[in-house]
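Readers should treat all values here as calculations from the given coordinates under stated rules, not as data from a laboratory. This is a predicted model, so every value here is computed, not measured. Note: ideal-geometry Cβ built from the backbone for every residue, glycine included; neighbour counts use all protein chains shown.
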Amino acid sequence: MTTTIPSANPSISPLASVLLFISISLATFMMVLDYSIANVSIPYIAGDLSVSTDQGTYVITSFAVGNAIGLAMTGWLAKRVGQVKLLCLSLVLFTFFSWTCGASSNLLMLVIFRFIQGFVCGPMVPLSQSMVLSMSTPQNRSRDLAIWSMIVVTAPVLGPILGGYISEWHHWPWIFYINIPIGIFSAAIIWLIMRKRESPKEKVPYDIMGMILLAAGVTALQVLLDKGQQWDWINSNVIRLLGVITIVSFTLLIIRELFHKTPFLELRLFSIPSFSLAIVCLAISYAIYFGSIVLVPLWLQEFMGYDAVWAGLAVCSIGIGPFLFSLTAPYVMRKIGLLPTLVLSFSIFGVACFYTAYFTPQVDVRTIAFSRLFFGLAMIFYINPLMQMSVSGIPDTNLPSATGIFHFVRSMVGGIGTSVFTTLFQRRTIFHHHQVGSVLTPYNPLLPVKMDDRSLALLNNELDVQASMLAINDAFLVMGYLFVGLIALLIFWHFWRGSHRPAVPTSFSVE
């Protein structure tokens, strides 16, 4: 199978190939980093712009909405513009709107520019993946994709750490300004090397109604997820309205794209079994992954007395495994195949979740860091086989659409996982607070003899710690059992498809 960007060409020198790969990797890192770098900076942004923290969260929501729409439109845009030109244009616009975000003087400006920034950078990740696949030789393709995949999974972990440091010791606009030199460098290198290797263009018709339905559905879903807990979910009329808009918009979008002659969203790709399996596994596993990297720092800062820096240091060990050992993934896949490698990854994920599910309030930072390190080991064998599974059997002309859908799902389920697991954590904390607190009566001999306000406040604080710890245990138990379910799904798939044909190729080849 060949991609629409011409594959590695002898006319590209080794030095140019290295510079191109570095530029693509930097562009990917910058974009994925920007998805999470603003999360811990919201209090600083809100304070500087004189708005509440709740209003400040729209800075995150607007970027997520724009990015999801841009991701879904990648395949259609690539056909009309050309993949190389679209990637460079996306980089230049992302760099420009990073500057406008940093220069914003009020919340409305920042929210608008963050939405545009998210939209224009939507094609960057799927096109970067397509270019990595096309520029690599068949012998090095798995290695290059493993390095690129490591960037995708570690950047969201580093984002809050870097964002917290910049906001605390410098000024929050610099979380956007740091994109400018990287964006200029990456766009210049990619254009200089690849401008004469552009993909064929097609005059694909516009699908205005499909785009409107996509924008409405994504916007309603993202606001619902971000504000659901705050507005008490279905007890809020606004949440119910957003839910109806989401369901109606996505239902009509699916019907339209399946029967449209020239859809901008290639939903027919789900008829390819390996692609559908990859998307299902991605949807569940990445929701857990992203939910966990948000949940643990939240718990540490709200209930365990950690500041933003120490919370970041406690969880940053999740990136050590992928950073150091990502190149082992291609070797493992060659030895045992894609499906067993993915089972190995989910098994390590599950063990790490069950390990975390038995923490106690006396847990120290080293134990937390070890649990995150263990979680990171699973990432070594995670994203690479999933990506390769998702593009196996995809026609060459639909590769940008396939990678666009893959990363669109990844983007959306990240928000879903965050919303689901933070809601579960908060509600289980309240539940356990009530359950444990119900035994703390004046007749309980474990209560302090002195029942003044200070003693009761200290007792309540300790009760909060205990309740939050039990809630974390519950959340990670759910995560662990979900991974057990994914392992069962892959085993079932293997035996069900085995008697007819291989479930997925044991190796990924682009000839």
How far apart, in nanometres, would the label points at residue 13 and residue 112 be if each is projected 7 angstrom from Cα along the Cα-to-Cβ direction? 4.6
Dividing the convex hull volume of the alpha carbon atoms of the stretch 357-424 by its residue count, what do you get in Å³ per residue? 112
So how tilted is helix 399-437 from the main axis of the chain? Cα-based, degrees 0 to 90, rounded to 10. 10
Length released on extending from residue 271 to residue 365, taking residue separation times 0.36 nm less the Cα-Cα span: 29.2 nm
Fully extended contour minus Cα-Cα distance, from residue 309 to residue 48, at 0.36 nm per residue: 91.9 nm
Return one number: the angle in degrees, 0 to 90 and rounded to the nearest 10, between the long axis of the Cα atoms of helix 453-498 and the longest principal axis of the Cα atoms of the chain. 30
How big is the Rg/Rh ratio for the stretch 287-333, C-alpha atoms only, Rh by Kirkwood, two decimals? 1.14
Rounded tilt (10° steps) of 237-259 against the dominant C-alpha axis of the chain: 20
Quantify how much of the Cα-Cα distance distribution of the stretch 14-204 extends past 23 Å, in percent. 42
Just want the ordering: 409, 351, from fewest to most Cβ atoms lying within 10 Å of their own Cβ. 351, 409
How high is the relative contact order of the chain, in percent, with contacts defined as C-alpha pairs under 8 Å that are six or more residues apart? 21
Suppose a student asked you for the relative contact order of the stretch 209-263, using Cα pairs under 8 Å spaced at least 6 residues apart; what percent would you report? 48
Return the sequence-ordered ³J(HN,Hα) values of the stretch 87-96 in whole Hz as given by the Karplus equation 6.51 cos²θ - 1.76 cosθ + 1.60 applied to θ = phi - 60°, using x for Gly and Pro. 5, 5, 4, 4, 5, 5, 5, 4, 5, 4
Could you work out the relative contact order of the stretch 138-251, using alpha carbon pairs under 8 angstrom and six or more residues apart, expressed as a whole percent? 18
So between residue 320 and residue 488, what do we pick up on full extension, going 0.36 nm a residue minus the alpha carbon distance? 57.6 nm
Largest-first principal axis extents of the Cα set of the stretch 115-243 (Å): 55, 49, 27
In 10 Å bins starting at 0, how do the alpha-carbon pair distances of the stretch 167-258 split up by percent? 13, 21, 19, 31, 14, 1
With a 10 Å Cβ neighbour count serving as the proxy for reagent exposure, in which order, fewest first, do 121, 353 appear? 353, 121
Between residue 434 and residue 80, how high is the FRET efficiency from 1/(1 + (r/R0)^6) when r is the Cβ-Cβ distance and R₀ = 45 Å? Nearest 0.05. 0.20
